[in-house]
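Asker: Right, I'll just put the structure down here and ask away after.
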Amino acid sequence: MPELEPTVLPITVAASHLRACAAELDAAGEMSVGELGVVLADLVTGQRLLSSALTRLAERVEDGQAGVLAAAPSPEVGALAQVLQAAAGAFGYSADALSESEPFARIAAEFAGPNARL
């Protein structure tokens with residue numbers, strides 16, 4: 001079987017998929033205590049990647065001020081870049097906070113048992 005080339009989703013499709021996945025997490029039912037640590041680790045990684053993505057978006061907006069966004073009002077473009085940078089920071093801080101909880105999830109699984117349901 002030939003190897004499949006990795007696909008790159010358009011940014012709007014990737015963002016829509018992210019929204020759908022977040023909705024699934026929000027609506028998730030019962031899970032095992034053992035799954036909690038895995039979920040937290042994945043959320044930390046996701047938060048760090050979102051922080052990086054928002055930083056890159058902010059940089060693109062800033063770079064666009066002298067190019068494709070030159071006709072847009074400069075204060076609004078600058079404000080958009082600042083909001084994106086602030087959001088990037090918030091996702092980074094959220095990832096830091098979540099990563100601090102990972103050891104507690106492991107301890108909870110040890111005491112409750114990994115198959116206990118939450």
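The values are calculated or read from the model by the stated rules, or taken from the named source; none is laboratory data. Since the model is a prediction, treat every value here as computed from it, not as a measurement. Because the Cβ atoms are built from the backbone with ideal geometry, glycine has one as well, and the counts that use them run over all protein chains shown. Note: areas computed on protein heavy atoms with side chains; ligands, DNA, RNA excluded. Shrake-Rupley method; radii C 1.70, N 1.55, O 1.52, S 1.80 Å.
Asker: List every residue pair whose Cβ atoms lie under 7 Å apart, where the two residues are 6 or more positions apart in sequence or sit on different chains, the first residue falls within the range 55-66 and is touching a residue at least 24 places away in the same chain (Cβ under 8 Å), and the second residue, located anywhere, is assigned to a helix (DSSP H, G or I).
Answerer: Sorted first by the residue in the range 55-66, then by its partner, the pairs are 55/85; 55/88; 57/84; 58/81; 58/84; 58/85; 58/88.
Asker: Shifting gears a bit: Answer yes or no as to whether residue 100 is open to solvent by 80 Å² or more (accessible area, probe 1.4 Å), under 26 Å from residue 17 (Cβ atoms) and not small (Gly, Ala, Ser). Let's see the steps before the verdict.
Answerer: Values: open to solvent by 80 Å² or more (accessible area, probe 1.4 Å): yes; under 26 Å from residue 17 (Cβ atoms): no; not small (Gly, Ala, Ser): yes.
The answer is no for residue 100.
Asker: Quick check on my filter: what residues within the range 77-97 are under 19 Å from residue 57 (Cα atoms), aliphatic (A, V, I, L, M) and loosely packed, with under 13 Cβ neighbours inside 10 Å?
Answerer: 79, 86
Asker: Yes or no: the range 101-109 includes at least one residue that is at pLDDT below 95 and outside any helix (DSSP H, G or I). Working first, answer last.
Answerer: Kept after step one, since they are at pLDDT below 95, are these residues of the range 101-109: 101-109.
Next, from what is left, pick out any that are outside any helix (DSSP H, G or I): none.
Within the range 101-109, not a single residue is at pLDDT below 95 and outside any helix (DSSP H, G or I).
Asker: Test residue 19 against the stated conditions and say whether it is in contact with an Asp or Glu (Cβ under 8 Å, 6 or more places away or on another chain) and loosely packed, with under 12 Cβ neighbours inside 10 Å.
Answerer: no
Condition check ((1) under 30 Å from residue 80 (Cα atoms); (2) among the aliphatic types (A, V, I, L, M); (3) open to solvent by less than 50 Å² (accessible area, probe 1.4 Å); (4) at pLDDT 90 or above) across all residues:
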{"site": "3", "(1), (2), (3), (4)": "no, no, no, no"}
{"site": "15", "(1), (2), (3), (4)": "yes, yes, no, yes"}
{"site": "24", "(1), (2), (3), (4)": "yes, no, no, yes"}
{"site": "33", "(1), (2), (3), (4)": "no, yes, yes, no"}
{"site": "37", "(1), (2), (3), (4)": "no, no, yes, no"}
{"site": "42", "(1), (2), (3), (4)": "yes, no, no, yes"}
{"site": "60", "(1), (2), (3), (4)": "yes, no, no, yes"}
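Asker: Just to be sure, is residue 15 outside any helix (DSSP H, G or I) and more than 30 Å from residue 103 (Cβ to Cβ)?
Answerer: No.
Asker: With without any contact (Cβ under 8 Å) to a residue 40 or more places away in the chain and in contact with a Phe, Trp or Tyr (Cβ under 9 Å, 6 or more places away or on another chain) as the only criterion, which of 80, 49 stands out?
Answerer: Testing whether each residue is without any contact (Cβ under 8 Å) to a residue 40 or more places away in the chain and in contact with a Phe, Trp or Tyr (Cβ under 9 Å, 6 or more places away or on another chain) leaves just 49.
Asker: Ok, one more. Here is a check on your reading of the model: is residue 55 modelled with pLDDT of 95 or more and either open to solvent by 60 Å² or more (accessible area, probe 1.4 Å) or at negative phi (or both)?
Answerer: So residue 55 fits the description; yes.
Asker: So which residues in the range 25-62 are among the small types (Gly, Ala, Ser) and outside any helix (DSSP H, G or I)?
Answerer: So the first thing to find is which residues in the range 25-62 are among the small types (Gly, Ala, Ser), and the list is 27-29, 32, 34, 37, 41, 46, 51-53, 58.
Passing the criteria: 27, 28, 29, 32.
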